Amino acid sequence: MPEKKATVMIVDDQPTNIHALASLLKVDYRILTATSGERALVMARGESPPDLILLDIVMPGMDGYDTCRRLKDDEATRSIPVIFVTALDDVEDEEKGLNLGAADYISKPFSPAIVRARVRNQVTLKLKTDMLEKISLQDGLTEIPNRRKFDQKLAEEWGRARRDGQPLSLLMIDIDQFKPYNDHYGHGAGDECLKRVAQAMAQTLSRTSDLLARYGGEEFVALLPGTDETGCRHLAESLLEAVRSLQLPHGLSDVAPHVTVSIGGATHSARTPKTNPETLKKSADDALYLAKQAGRNRYHHESGYASPITD
Ligand code: GH3
Ligand code: MG
């Protein structure tokens with residue numbers, strides 16, 4: 001499969017300048033263009049943000065400095081490198097641009113070879129940083145998000161739930177009697193089992209806002225934004241079923257002849273006083289404890305709801 005091209009956004013109020021840079025770069029990059037700082041901000045915050053922004057300084061309305069400042073102030077766009085491309089060539093202008101967080105500065109008239117090289121350097125660095133960021137938020141074994149990613153997303157979704165008043169549900173999921181599984185089948189088989197269980201559960205969560213993560217060891221956690229108790233219960237039961245239907249033999253389980261999980265769930269409104277992400281996790285964890293106590297391979301919700309037993 002051909003490698004996906006990185007995206008470069010060119011921001012300049014003069015279409016001829018945009019054209020000159022675009023014709024230089026379009027063979028190697030996907031090009032986005034904007035003729036104002038305001039438009040550039042909208043596009044940078046959009047669905048497919050660029051990997052690099054080439055930014056003119058003198059523009060009517062929001063100038064390049066201001067655009068850069070806003071890009072760097074916003075968490076969503078901060079990591080996109082900016083190169084100023086400008087006719088201003090005073091040392092002070094260059095210093096100002098770099099102090100605003102720009103990655104590089106190109107004075108016009110520019111040499112095509114130098115523009116290409118500087119763009120390539122910044123794009124290479126950005127792609128490496130993105131890769132490291134991705135690795136740092138992913139669990140190495142199961143390839144699903146890790147605890148760090150989960151805690152970030154929980155804080156984000158808690159803030160959103162407080163603003164929009166939607167309920168937020170959380171599931172704590174733990175493989176039943178996994179210690180005897182490891183002891184009997186070996187650590188390698190244990191790892192394989194963790195991968196299979198993680199993938200089966202990840203495929204069961206269909207909404208893009210849902211997040212399944214490995215929380216540690218043989219414990220997983222699912223965050224379900226905008227989901228009430230009924231929805232939460234349906235999903236938990238689908239997850240129980242997804243793991244059961246893998247039919248991974250577990251000869252030492254006294255719950256079932258195959259691998260099973262227990263799930264605890266909680267649904268909170270972020271607007272309720274004295275609740276926070278920690279209380280939500282604690283409630284789900286307490287519910288998980290009750291599901292284990294009640295015999296495992298089942299779901300317990302903090303409200304007292306417990307899933308019917310199917311095998
Ligand atoms: P329960 O039904 O109460 O949850 O019992 P359990 O045996 O699953 O719980 P316990 O906490 O006693 O054991 C968890 C086991 O999970 C212990 C450890 O060997 C295993 N484990 C944790 N992380 C990994 C891992 O990354 N790979 C493998 N293979 N095993 C792991
Ligand atoms: Mg366990």
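The values are calculated or read from the model by the stated rules, or taken from the named source; none is laboratory data. Values in this document were obtained by computation on a predicted structure and should not be read as measured data. Cβ: placed from backbone, ideal geometry, glycine included. Neighbour counts: every protein chain shown. The accessibility values were calculated without ligands, DNA or RNA, using every heavy atom of the protein model including side chains. Shrake-Rupley method; radii C 1.70, N 1.55, O 1.52, S 1.80 Å.
Quick rundown of the values:
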read-out	value
Number of the exception - Lys126 against (1) open to solvent by 40 Å² or more (accessible area, probe 1.4 Å); (2) more than 28 Å from Leu290 (Cβ to Cβ)	(1)
Complete set of residues in the range 249-268 that are open to solvent by less than 70 Å² (accessible area, probe 1.4 Å) and either under 13 Å from Asp174 (Cβ atoms) or free of Cβ contacts under 8 Å to residues at least 40 places away in the same chain (or both)	Val255, His258, Val259, Thr260, Val261, Ser262, Ile263, Gly264, Gly265
So Glu75, is it in a helix (DSSP H, G or I) and without any contact (Cβ under 8 Å) to a residue 12 or more places away in the chain	no
Hits in the range 74-95 - residues which are within 21 Å of Val42 (Cα to Cα) and open to solvent by 60 Å² or more (accessible area, probe 1.4 Å)	Glu75, Ala76, Arg78, Ser79
Wholly enclosed helices (runs of 4 or more DSSP H) of the range 138-248 bearing at least 3 residues within 16 Å of ligand 1 (Cβ to nearest atom) and open to solvent by less than 70 Å² (accessible area, probe 1.4 Å)	178-185, 187-204, 229-244
Residue in the range 269-284 that is surrounded by the most Cβ atoms within 10 Å (Cβ to Cβ), counting only those that are touching a strand residue (DSSP E or B) at 6+ places or on another chain (Cβ under 8 Å) and of a type in the set (Val, Ile, Thr)	Thr275
Residue in the range 93-109 that is acidic (Asp, Glu), in a strand (DSSP E or B) and either under 17 Å from Leu24 (Cβ atoms) or more than 27 Å from the chain's Cα centre (by Cα) (or both) present	yes
Only listed residue being open to solvent by 10 Å² or more (accessible area, probe 1.4 Å) and aliphatic (A, V, I, L, M), chosen from Leu98, Leu71, Leu25, Leu54	Leu98
